[in-house]
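The values are calculated or read from the model by the stated rules, or taken from the named source; none is laboratory data. Remember, predicted model here, so these are calculated numbers, not experimental data. A quick note on method: Cβ atoms are made from the backbone with ideal geometry, for glycine too, and the neighbour counts reach across all protein chains shown.
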Amino acid sequence: MSNPLYTEHDIEPVPGLPGALPRGESVLWQGTPGWDGIARRALHLRAVALYFAALAVWRGAALSHDGAGGIEALSGALLIVCLGAVPVALLAGFAWLSARTTIYTITTRRVVVRAGVALPMTVNIPFALIRNAAVAQHADGTGDIALDIIPPHRVSWVALWPHTRSWRIARPQPTLRAVANPDAVAQVLARALAASASMPVRAMPAAEAAARPAAEALA
């Protein structure tokens, strides 16, 4: 039996979707992640850069303490900086490519994540499999929307990364990362989930929606 969460594709009749939408289903929202958000929060690029910067300072101080001259100590520190620039550049490049090749879609029946730099794939997440959705806002104005999948269903962390919630490996949570205007996107998702469950819907202030799980933002 095939996994209902995955659909591989070669041609997209609709950008971001593996096939034409079935009758009665429509697209409510589509968006792409910001590459810098993926770099900072999914790939932890800032922490990696700070690590190599601290290592360079330590190397220079150690050489100086051992009696090396100023130029020699500086050269040793710069060598660490150059070595560290390679993984930092690779992570930044991967984040940019990941953002360029990813499309998030919310329809009236499911959430779809089309992602993959080398091997593109589409992950379909029907609303019936979403137990909860949580919104995390960030200082740059973007936000992450993490989806909690009802057990025993699950997604592959390896297949979906970096579009998963950080540090959730045993039970991966698909995440719409670094989306612009996350309050509005959370409202769209919450209304769609509520409509799918035939729940009454009421409007809600953006601040309150950001503070509560998206699936509960509208009741």
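Just one of the numbered conditions (1) modelled with pLDDT of 90 or more; (2) assigned to a helix (DSSP H, G or I) is not true of residue 71: (1). Could you say whether any residue in the stretch 44-55 is in contact (Cβ under 8 Å) with a residue 12 or more places away in the chain and over 28 Å from the mean Cα position of the chain (by Cα)? Yes, some residue in the stretch 44-55 is in contact (Cβ under 8 Å) with a residue 12 or more places away in the chain and over 28 Å from the mean Cα position of the chain (by Cα). Given the condition buried (at least 18 other Cβ atoms within 10 Å of the Cβ), free of Cβ contacts under 8 Å to residues at least 60 places away in the same chain and not assigned by TED's automatic domain parsing to the domain that holds residue 189, answer yes or no: does some residue in the stretch 115-130 qualify? No, the stretch 115-130 contains no residue that is buried (at least 18 other Cβ atoms within 10 Å of the Cβ), free of Cβ contacts under 8 Å to residues at least 60 places away in the same chain and not assigned by TED's automatic domain parsing to the domain that holds residue 189.
Put simply, of 117, 123, 112 the only residue that is over 19 Å from residue 183 (Cα atoms) and assigned to a strand (DSSP E or B) is 123.
Each row is one residue, and each column tells you yes or no for (1) among the hydrophobic types (A, V, I, L, M, F, W, C); (2) modelled with pLDDT under 85; (3) within 30 Å of residue 185 (Cα to Cα); (4) in the same structural domain as residue 167 (by TED's automatic domain parsing).
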position: 16; (1), (2), (3), (4): no, yes, yes, yes
position: 20; (1), (2), (3), (4): yes, yes, yes, yes
position: 47; (1), (2), (3), (4): yes, no, yes, no
position: 54; (1), (2), (3), (4): yes, no, no, no
position: 59; (1), (2), (3), (4): no, no, no, no
position: 77; (1), (2), (3), (4): yes, no, no, no
position: 82; (1), (2), (3), (4): yes, no, no, no
position: 92; (1), (2), (3), (4): yes, no, yes, no
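Report yes if residue 112 is surrounded by 15 or more Cβ atoms within 10 Å (Cβ to Cβ), at pLDDT 90 or above, not aromatic (Phe, Trp, Tyr) and not assigned by TED's automatic domain parsing to the domain that holds residue 189, otherwise no. Let's see the steps before the verdict.
On the way: surrounded by 15 or more Cβ atoms within 10 Å (Cβ to Cβ): yes; at pLDDT 90 or above: yes; not aromatic (Phe, Trp, Tyr): yes; not assigned by TED's automatic domain parsing to the domain that holds residue 189: no.
No, not satisfied.
The set of residues in the stretch 86-104 that are of a type in the set (Ser, Thr, Tyr) and more than 13 Å from the chain's Cα centre (by Cα) is empty. From the list 139, 89, 170, 186, the lone residue that is without any contact (Cβ under 8 Å) to a residue 24 or more places away in the chain and assigned to a helix (DSSP H, G or I) is 89.
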